[in-house]
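The values are calculated or read from the model by the stated rules, or taken from the named source; none is laboratory data. No experiment lies behind these values; they were computed from the predicted model shown. Positions of Cβ are backbone-derived with ideal geometry, glycine not excepted, and every protein chain shown enters the neighbour counts.
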Amino acid sequence: MTNITAATRKKPLLEALTWKFFDFEDYLFEKRHGLDLGGIIAANELMSSDRHPVAHASAYHAVWCRNLRELFAEAERTGAAFDNFIDLGSGKGKACFYAHMRKPFSKIVGVELSEKLNIIANHNLAKFRSGSASNIFFSSIDATEFDLPETSNLIFMFNPFDDVILRKFVSRNLEHFRKGTSMIAYANDVHRATLDELGFSTVFRNPRRKLSLHCYR
Ligand SMILES: C[S@@+](CC[C@H](N)C(=O)[O-])C[C@H]1O[C@@H](n2cnc3c(N)ncnc32)[C@H](O)[C@@H]1O
């Protein structure tokens, strides 16, 4: 009994320390590049429910660099190569900046519903730009209206929206997915069952971190 109690206490403490470590890496990333990436901001503070599907949107919260690193490594392990990186629900742009530092993508596109966040992402881009980030583009558009570039894309999502929006996005881009050249990298993959249902197969999953990669079958 004593052992079980000690073990259950120990695990959350260890996990809490691990989280602090991930947060610290992210703090350094933000400071090093002079970016504003912080905060957790509810969707209803970011956009108007008259014009936007707020009820289907997640709060803004930036992904851990650590999780992106794992998804990039696993995507590479599949042997696939990608021309572009697309962040659906790009917020203040963190994943796009991190992708730029890690991989030579031709184009890096952030797709963000909130105009407020998109303005911050573009401010970040102006600060980040060092003459070499001209391949990053942020666009203030609903993911359901976004057409994927024709070539190969690594499409990243950090739980940006619910299954209703996910279905609409996939259905709009179904012809593209059928070509089999693109992959979805999903962090906090709450709606991964929807991807299965829509015809994707899971090529990687880390259940502990809720990270996964999905290809159209
Ligand atoms: C959890 S945040 C992720 C931010 C960013 N990807 C990152 O990792 O730093 C999810 C973002 O998705 C955006 N979002 C929600 N619904 C959307 C939609 N339909 N189209 C585009 N972006 C959306 C939210 O405004 C929010 O900024």
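Here are a few things to note about the model shown:
Residues checked against (1) under 18 Å from Leu117 (Cβ atoms); (2) modelled with pLDDT of 90 or more; (3) not in a loop (DSSP other than H, G, I, E, B):
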| position | (1), (2), (3) |
| --- | --- |
| Thr8 | no, no, yes |
| Pro12 | no, no, yes |
| Asp23 | no, yes, yes |
| Leu28 | no, yes, yes |
| Lys31 | no, yes, yes |
| Leu35 | yes, yes, no |
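- Long-range neighbours under 6 Å by Cβ, at least six apart or interchain, first residue more than 16 Å from Ala73 (Cβ to Cβ) and modelled with pLDDT of 95 or more within the range 196-207, second surrounded by 15 or more Cβ atoms within 10 Å (Cβ to Cβ) and of a type in the set (A, V, I, L, M): Leu198/Val170
- Qualifying positions in the range 167-184 - part of a loop (DSSP other than H, G, I, E, B) and more than 16 Å from the ligand (Cβ to nearest atom): Lys179, Gly180, Thr181, Ser182
- Meets criteria (farther than 26 Å from Met47 by Cα and not in a strand (DSSP E or B)) for Phe204: no
- Qualifying residue in the range 183-193 (condition: closer than 17 Å to Asn84 by Cα and surrounded by fewer than 21 Cβ atoms within 10 Å (Cβ to Cβ)): no
- Residue satisfying all of: in the range 7-57; surrounded by 10 or more Cβ atoms within 10 Å (Cβ to Cβ) and among the hydroxyl-bearing types (Ser, Thr, Tyr); farthest from the ligand (Cβ to nearest atom) among these: Thr18
Residue by residue, here is whether (1) within 16 Å of the ligand (Cβ to nearest atom); (2) in contact with a Ser or Thr (Cβ under 8 Å, 6 or more places away or on another chain); (3) hydrophobic (A, V, I, L, M, F, W, C) holds:
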site: Phe161; (1), (2), (3): yes, yes, yes
site: Arg192; (1), (2), (3): yes, yes, no
site: Glu197; (1), (2), (3): no, no, no
site: Cys215; (1), (2), (3): no, yes, yes
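- Failed criterion for Ile86 (all others in (1) under 21 Å from Lys168 (Cα atoms); (2) in a loop (DSSP other than H, G, I, E, B); (3) not basic (Lys, Arg) hold): (2)
- Residue, nearest to Leu71 (Cα to Cα), within the range 158-182, restricted to residues that are in contact with a His (Cβ under 9 Å, 6 or more places away or on another chain) and crowded, with 20+ Cβ neighbours inside 10 Å: Phe158
- As for the range 67-85, it holds no residue that is modelled with pLDDT under 95, surrounded by 15 or more Cβ atoms within 10 Å (Cβ to Cβ) and more than 11 Å from the ligand (Cβ to nearest atom).
- Of all residues in the range 127-145, none satisfies being outside any strand (DSSP E or B), more than 12 Å from the ligand (Cβ to nearest atom) and within 17 Å of the chain's Cα centre (by Cα).
- Residue in the range 199-211 that is more than 16 Å from the ligand (Cβ to nearest atom), under 16 Å from the mean Cα position of the chain (by Cα) and under 22 Å from His100 (Cα atoms) present: no
- Only one of Glu150, Glu145 that is more than 30 Å from Asn44 (Cα to Cα) and surrounded by fewer than 16 Cβ atoms within 10 Å (Cβ to Cβ): Glu150
- Being within 10 Å of the ligand (Cβ to nearest atom) and of a type in the set (Phe, Trp, Tyr) is a property that holds for Tyr60.
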